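This report concerns only the one structure given below.
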Amino acid sequence: MGGVYGDVHDIKPRYTRIKTLNNTIITIPNAKVINEQIINYSVPDTTVRVKIPVGVAYGTDPKKVDEILLEIADKTPLVLKEPKVLVRFIEYAASSQNFEIIVWVKHYDDRHPVIDHVFREIFFEI
């Protein structure tokens with residue numbers, strides 16, 4: 001379905017309609033829906049994990065990165081306290097040390113506001 005993201009609006013015998021985040025309706029033939037992988041974020045639980053990539057300059061102390069990212073996550077609205085926030089050092093890239101911060105949010109619609117908030121806070125901290 002080419003990365004269509006939204007809520008199922010209507011299911012008919014020949015097609016399914018998805019209401020996108022832009023508040024538009026996309027009609028997809030069921031023959032195509034049958035052959036695609038579909039991720040249902042709302043059943044059985046709307047809680048989802050969010051991975052946020054963070055690249056820092058070489059020479060940056062990983063312990064300091066952990067400290068800053070955990071502090072940012074702790075003060076970010078919509079981030080759940082349980083499961084605990086994780087920070088992982090994932091790779092040495094060509095021009096950065098790459099980390100990811102893993103947080104949980106109560107509702108899948110909260111992912112983008114949380115990512116935005118974390119990125120904005122990182123901008124001022126790192």
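The values are calculated or read from the model by the stated rules, or taken from the named source; none is laboratory data. These figures come from a predicted structure and were not determined experimentally. Here the Cβ is made from the backbone with ideal geometry for all residues, glycine too, and neighbour counts use every protein chain on show. For the accessible areas, the whole protein counts, side chains as well, though only heavy atoms, and no ligand, DNA or RNA atoms are used. Shrake-Rupley method; radii C 1.70, N 1.55, O 1.52, S 1.80 Å.
A few points about this structure:
- Whole-number accessible area per residue in Å² for the chain, which is evaluated in the context of all protein chains at 1.4 Å: 68
- Sulfur and carbon atoms: percent of accessible area, the chain [1.4 Å]: 54
- Sites listed here are trypsin sites (Lys or Arg not before Pro) in segment 6-107 whose DSSP assignment is loop and whose Cβ has at most 15 other Cβ atoms within 10 Å: Arg14, Lys75, Lys81, Lys84, Lys106.
- By DSSP, the beta bridges lying fully in segment 1-105 are antiparallel in about 100 percent of cases.
- Among the chymotrypsin sites (Phe, Trp or Tyr not before Pro) within segment 1-66, those in coil by DSSP and having at most 15 neighbouring Cβ atoms inside 10 Å are Tyr5, Tyr41, Tyr58.
- Aspartates and glutamates with Cα under 14 Å of Lys19, excluding same-chain neighbours fewer than 8 positions away: Asp7, Asp10, Asp109
- Taking the charge dipole of the chain about its Cα centre, with +1 at Lys and Arg Cβ atoms and -1 at Asp and Glu Cβ atoms, the residue from Ile25, Leu86, Ile102 reaching farthest to the positive side is Ile25.
- About its Cα centre, the chain has a charge dipole of approximately 540 debye under the convention of +1 per Lys or Arg Cβ and -1 per Asp or Glu Cβ, with nothing else charged.
- The structure-derived value of mean projected area of the Cα convex hull in nm² appears in the list (i) 17.4; (ii) 9.7; (iii) 8.2 under the label (ii).
- At R0 = 25 Å, FRET efficiency that the Cβ-Cβ distance of Thr46 and Lys75 yields, to 0.05: 0.65
- Within segment 15-89, the GluC sites (Glu not before Pro) that combine a DSSP coil assignment with at most 16 other C-beta atoms in a 10 angstrom radius are Glu36.
- The Cα-based radius of gyration of segment 54-126, divided by its Kirkwood radius, gives an Rg/Rh of 0.97.
- Applying a threshold of 21 Å to the alpha-carbon distances of Lys32/Lys106; Lys84/Lys106; Lys63/Lys84; Lys12/Lys106 flags Lys32/Lys106; Lys12/Lys106 as lying beyond it.
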